[in-house]
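Let me begin by presenting the structure, written as structure tokens, before commenting on it.
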Amino acid sequence: MTDDELSLVPAEARPYQGTAAGIVTRLAANSLDALVVVTALVGAYAGLVAFRFVIAPRGFQLPEPPFQWFLVLFLGFLVTYLTAAWWVSGRTLGDHVMGIRVVTGRRSRSSLVIAFGRALMCAFFPIGLLWCAVDSQRRAAHDLVMRTSVIYDWLPRPTAPRR
Amino acid sequence: MPRPPDRPARTSDARLAVDVVLGIVGASVDAGLAVVRTAAESPLLRSAAGWQAPFVPVRLQPTTVLADLARRGAGHRARVRQGAERLLDQWAPVIAELVVSRLDLTGIVTRHVDVDEVVKAVDLDAVVARIDLDAIVQTVDLDAAVAGVDLNAAVDGVDIDAIAAKLDLDTVIARIDVVAMVEEVIAAIDLPAIIRDSTGSMASETVRSARMTGISADDAISRSLERHIFRRRRSSIAPGAGR
């Protein structure tokens with residue numbers, strides 16, 4: 001008996017367990033990740049504002065950083081978050097919600113270098129994700145470059161990818 | 001040394017008379033047979049059978065007379081034979097029954113027949129091979145036979161505890177793939193679904209629904225794009241193929 005037959009995966013999702021994830025699921029996961037990063041960024045900004053208010057309440061003014069700073073911080077947060085998530089568990093919070101996982105060949109998790117390179121490409125070339133819609137193996141541009149793939153994986157532990 | 005003649009036994013007069021008559025009849029028959037045999041072997045008679053005197057009518061010729069006599073004799077022989085067969089058919093079973101009923105056939109066979117040798121000479125394998133056991137078994141009403149058996153009484157007579165004490169249950173259990181069996185049971189009852197139903201929350205159902213929706217959308221987009229790409233490829237290949 002295979003793992004998916006005795007897994008916590010619902011019966012209707014078992015045929016997809018370990019297969020390559022499609023564009024919609026990955027877009028949804030990436031959107032959630034972006035939302036997480038924006039939330040973290042807003043939280044950091046709120047923390048900074050609160051810190052400055054505590055330090056100098058009389059001369060307090062709401063800081064208004066330029067958009068470039070916000071963009072740079074967003075990309076920095078995003079790369080850090082994606083790298084850490086893919087390196088540690090192979091999935092971000094958005095991946096976890098959507099039930100997908102980033103795998104490298106037959107290995108369940110990416111190395112730090114691969115995770116970092118993939119995070120850079122995702123952050124600076126997000127449109128490369130659309131390639132998975134037309135690729136026969138549903139691989140995005142960063143998957144082709146970093147030799148990774150994204151599979152449906154509803155289990156808490158990594159599942160070997162199926163061909 | 002010459003052997004003295006046997007002394008006649010003392011018998012009754014009637015029996016003596018019968019013996020005398022039988023002796024006379026037997027001597028007459030022997031004399032008649034000797035005369036007939038001598039005449040039949042006589043070359044004179046044989047040559048006379050072939051006479052055909054020109055002055056004797058045809059119906060009185062010796063050959064004609066002999067042929068007529070032979071034909072009559074054949075008819076008498078056939079009638080006598082038929083009568084004898086009828087008598088045998090009528091009386092032989094009765095006589096045989098009377099004879100057999102007075103004989104101890106079992107004792108005779110037991111004393112004079114070596115049954116072991118007879119059985120050895122029989123090819124029992126060939127006999128069994130000719131028997132259609134399947135057909136025989138099919139004619140047996142096993143349900144009726146089993147219904148007539150008191151299984152409870154039979155089982156009561158069996159000491160199951162003693163039998164169970166002889167069993168090596170550890171070996172039996174070791175041969176059973178308990179893990180695989182439990183996995184099949186869990187898969188059959190869909191234990192994950194039960195756990196989800198008992199412990200699941202609205203959030204998990206929402207996540208599950210979102211995941212399945214994503215999978216369905218992925219498949220739909222993949223199919224749509226594949227159809228579109230194939231159509232473009234076909235349309236680009238078709239003009240060249242037609243030339």
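The values are calculated or read from the model by the stated rules, or taken from the named source; none is laboratory data. Not measured: the values here are computed from a predicted model. Positions of Cβ are generated from backbone atoms using ideal geometry, with glycine treated the same way; all protein chains shown enter the neighbour counts. Heads up: the accessible areas ignore ligands, DNA and RNA and are worked out on the full protein's heavy atoms, side chains in. Shrake-Rupley method; radii C 1.70, N 1.55, O 1.52, S 1.80 Å.
Would you be so kind as to identify all helices of chain A, as entire DSSP H runs, whose Cα atoms reach 24 Å or more along the helix's own axis and whose mean Kyte-Doolittle hydropathy is at least 1.0? Walk me through the numbers on the way to the answer.
On the way: long enough: A:23-55 (47 Å, 1.68); A:67-88 (31 Å, 1.69).
Length and hydropathy pass: A:23-55, A:67-88.
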What figure in square angstrom, to the nearest 10, would you give for the accessible area of A:Phe124 with a 1.4 Å probe? 130
Mind checking segment A:26-132 for trypsin sites (Lys or Arg not before Pro) that DSSP puts in a loop (not H, G, I, E or B) and that have at most 13 other Cβ atoms within 10 Å? A:Arg58, A:Arg106
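A plus B alone minus the pair: what accessible area, both sides summed, probe 1.4 Å, in Å² to 100? Kindly include the intermediate steps, with their values, before the conclusion.
Numbers: alone 10070 and 21930 Å², together 30050 Å².
Chains A and B together bury roughly 1900 Å² of accessible area.
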Averaged across the residues of B:213-224, what count of C-beta atoms belonging to other chains lies within 10 Å of each residue's C-beta? 6
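What's the extension gain from B:Arg77 to B:Val207 if we count 0.36 nm per residue and subtract their Cα-Cα distance? Can you show the working numbers first?
Working: separation 130, 0.36 × 130 = 46.80 nm, distance 11.72 nm.
Full-extension gain reported as 35.1 nm.
Carbon-plus-sulfur fraction of the accessible area of segment B:110-156, 1.4 Å probe, in percent? Don't jump to the answer; show the numbers that get you there.
Values: 2570 of 4330 Å².
C and S atoms contribute 59 percent here.
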Per residue, the convex hull enclosing the Cα atoms of chain A spans a volume in Å³ of 126
Any chance you could check segment B:161-197 for residues losing 50 Å² or more of accessible area when the partner protein chains are in, compared with the chain on its own (1.4 Å probe)? B:Glu183, B:Pro192
Enumerate the amide H contacts of A:Ile100 below 5 Å, restricted to partners 5 or more residues apart or on another chain; note that Pro and chain-start residues carry no placed amide H. A:Asp153
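Taking Cα pairs under 8 Å and at least six residues apart, what relative contact order does segment A:79-133 come out at, in percent?
Working: 49 pairs, mean separation 20.1, N = 55.
Relative contact order comes out at 37 percent.
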With θ taken as phi - 60° and the coefficients 6.51, -1.76 and 1.60, list the Karplus ³J(HN,Hα) couplings across segment B:103-117 in order, rounded to whole Hz; mark glycine and proline as x. 10, 8, 4, 4, x, 5, 5, 4, 7, 10, 10, 8, 4, 4, 5
Contact order relative to length of chain A, as percent, for alpha carbon pairs under 8 angstrom and 6 or more apart: 33
Using a 10 Å cut-off around each Cβ of peptide A:18-25, what is the average number of partner chain Cβ atoms that fall inside? 5
In segment B:99-151, the trypsin sites (Lys or Arg not before Pro) that sit in a DSSP loop and have at most 14 other Cβ atoms within 10 Å of their own Cβ are B:Arg102
Heavy atoms of A:Phe53: accessible area, 1.4 Å probe, square angstrom to 10: 100
May I ask for the Kirkwood hydrodynamic radius of the protein assembly as shown, worked out over all distinct Cα pairs and given in angstroms to one decimal? 36.0
Hey, could you pull the Cα Rg and Dmax for segment B:58-142, both in Å? 27.2, 85
Return the average number of partner chain Cβ atoms within 10 angstrom of each residue Cβ along peptide A:93-102. 2
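Where only protein heavy atoms count, and the probe is 1.4 Å, what is the accessible area per residue for chain A in Å²? Write down the numbers at each step before the final one.
Details: 9110 Å² over 163 residues.
With the other protein chains kept in place, chain A gives 56 Å² per residue.
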Heavy-atom accessible area ranking, 1.4 Å probe, most first, across A:Tyr16, A:Tyr152: A:Tyr16, A:Tyr152
Measure of exposure for B:Arg81: accessible area at 1.4 Å probe, Å² rounded to 10, is 150
